[in-house]
Each structure stands twice: as C-alpha cells, then as structure tokens.
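Structure first, commentary second.
Where a number appears in this text, it was derived from the coordinates with a stated rule and is not lab data. These figures come from a predicted structure and were not determined experimentally. When we count neighbours, we look across all protein chains shown, and the Cβ atoms used for this are built from the backbone with ideal geometry, even at glycine.
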Amino acid sequence: MIQNMNDAAELNNGVKMPWLGFGVYQMRDGAEVGESVAAALKTGYRSIDTAAAYNNERGVGRALAESGISRNEIFLTTKVWNSDQGYESALRAFDGSLERLGTDYVDLYLIHWPVKGRFVQTWRALERVYAEKRARAIGVSNFHIHHLEELLSESKIVPAVNQVEFHPFLLQSDLRAFCRDKGIQYEAWSPLMQGTVLREKTVRRLAKKHGKSAAQIIIRWDLQHEVVTIPKSVHPERIEENSLVFDFELSNEDMALLDGLDAGKRIGPDPDNFNF
Ligand code: NAD
C-alpha cells in the first residue's frame, strides 16, 4: 500500500518514480509556473511533469534551481512534441529541453503523442539519450495497445511508462492490463478530468463519507489502482489539499463504485484521431 508522498513506483529498469507528482500543463512560463512549482516543492512533491509543448520548461527549471533541493531528489519528466518527431529532430528537441530546464539529464523523457509513421524513429532517439544516461528512463504518452505493439515489435527497450488520460469516466481496462503485463507503468493525465469529475454525485458522496474533498477521493483512487498521478493546480491550498491523501483508505466497495462510472468518456483527443 502506498503510504506517503515519498513512496515511489519501481519502473521496469529499477528507477523509482513517485506515485504522486505535480503537473504544470497550461501554466504560463515565468511567475505562474515558478510560484506553483515552488508551492508544490514546499508541500513535499518531488515529481514534476512538464513538456516542451507547455512552453514553461524555463520556469520549471528556474523554480527547481531556486528551491535549493538537490537535483537527485527531484523526478523531472518532459516530452518531445509532435512537430519534433523523427530521429535527428527528436535529439535536437531533447537538447533544447535540457537547456531550458537548466539540467544535464531528465528522469523521464516521453513521446508526447504517437505520430503515425514517425514514433518508431523518435523512439530510436529516446533509446540513444537513455544509453547516454541523459534520460534515466524513457516512455510514451497517449499510446493505445496497437501503438505499443508496433513499438515493442520494432525495438529493444520496453517503455517504462505510458502516460494517458485516466479518471473514473475513462478506465481503459484493456490498456491498463496490457501495460501491467508488459511492465509498463500506467500514469494518469488529467486525473481530475480538469475538474469535471469532481462534480459527479458518487464522487461527492464518497467525499462526504470520508470527510475528504472530491479531488482527494480521485487521487486516492488512482493510488489504490497503482496508477502514477500528477494533478495540477496553481493554488497553494489546492496543491496541498491534493497531497493529503495518505490518511484514509477507500474500501473495495468505494473503489468499485468509482470504477462503475466508466463511460469511455474523454476530455482530450483520442490517440487514434488527433490533428496536431
Ligand atoms: P487535472 O485533471 O489535474 O485538473 C486540474 C484542474 O482541476 C485545475 O486546473 C483545477 O481547475 C481543478 N482542481 C485541481 N485541484 C483541485 C482541487 N483540490 N479542488 C477543486 N478543483 C481542483 O488536469 P490537467 O492539468 O489536464 O492534468 C494534469 C497533468 O497531466 C497536466 O498538468 C500535465 O502535466 C499532464 N497532462 C498530460 C497530457 C499528455 O498528453 N501527456 C495531457 C494533459 C495533461
């Protein structure tokens, strides 16, 4: 059982990744992302999830440097954007991310979306930065089973992580089981469905029952499913609230009620049908 904020998933190469991290999507570079990351670090988060496409890697890097926390206590994830996919361009994109983040390695480098006809070549670039020890682990995001099958059939290194949309309205149990079988850690993006799932009445009823907030119920549900989760907020009180999930437990019945909300409903695009 996951007991506290320092608990970490062991990835398929032995690297430890905190179960609970902090996402910075849609935060403006500069003060907004800087203050939010500073608040998260102060609260105790040690895992930060950004992407080249978020245009805030510089602010993340600055906040990490200013925190005074040793680099090796931080787990830093970033991602290669679609327009940079391909071998040489992904290598260049990686160098750009390191420069903006002000670091000489990342803990996890992800292919942001499975760009058709290009993600296998992009993976070659990730395998190279991994071999060079400039990424401690490499993985993918938004990959369906067929994308993973294609990647696995053409490469030696199994992705350490698949970061996908995950919340009670979108369980994708087949994908989760596939990842578990292959040793690919499942990671939730938009775990709170950007706030939408917090209004659902079962979620509210469970919040009342446990004397916790709706967000805490969902984050706890992620952890009990052994899904790495990275909720986002720019408000220090919510950043802290989202971390206070280790003093209660959802019963099997509670878990089943939340699982029962699955409707295959997405807030983001389907990875088989995106146009960016
Ligand atoms: P989220 O599901 O984490 O929801 C964040 C929103 O929920 C906030 O903006 C706020 O409106 C609300 N919220 C947060 N805490 C709350 C609280 N305690 N009480 C009430 N409301 C609260 O949304 P997200 O930012 O889309 O996803 C989290 C992270 O996942 C991102 O920041 C990013 O790092 C990652 N992500 C990755 C991808 C990808 O394609 N790989 C896509 C989307 C997001």
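Observations
- Contacts under 6 angstrom Cβ, first residue in segment 111-131 being at negative phi, partner acidic (D, E), 6 or more apart: V120/E154
- The set of residues from segment 41-76 being under 18 Å from T229 (Cβ atoms) and small (G, A, S) comprises G44, S47, A51.
- In segment 250-269, the residues that are closer than 21 Å to K208 by Cα form Cβ pairs under 6 Å with partners that are basic (K, R), at six or more places apart or across chains, as follows: L250/R220.
- Meets criteria (in contact with a Phe, Trp or Tyr (Cβ under 7 Å, 6 or more places away or on another chain) and of a type in the set (F, W, Y)) for F246: no
- Entry remark, segment 258-276: residues being of a type in the set (A, V, I, L, M, F, W, C) and within 13 Å of the ligand (Cβ to nearest atom) number 3 in total.
- The lone exception for S83 - which of (1) in a helix (DSSP H, G or I); (2) buried (at least 17 other Cβ atoms within 10 Å of the Cβ); (3) of a type in the set (S, T, Y) it fails: (2)
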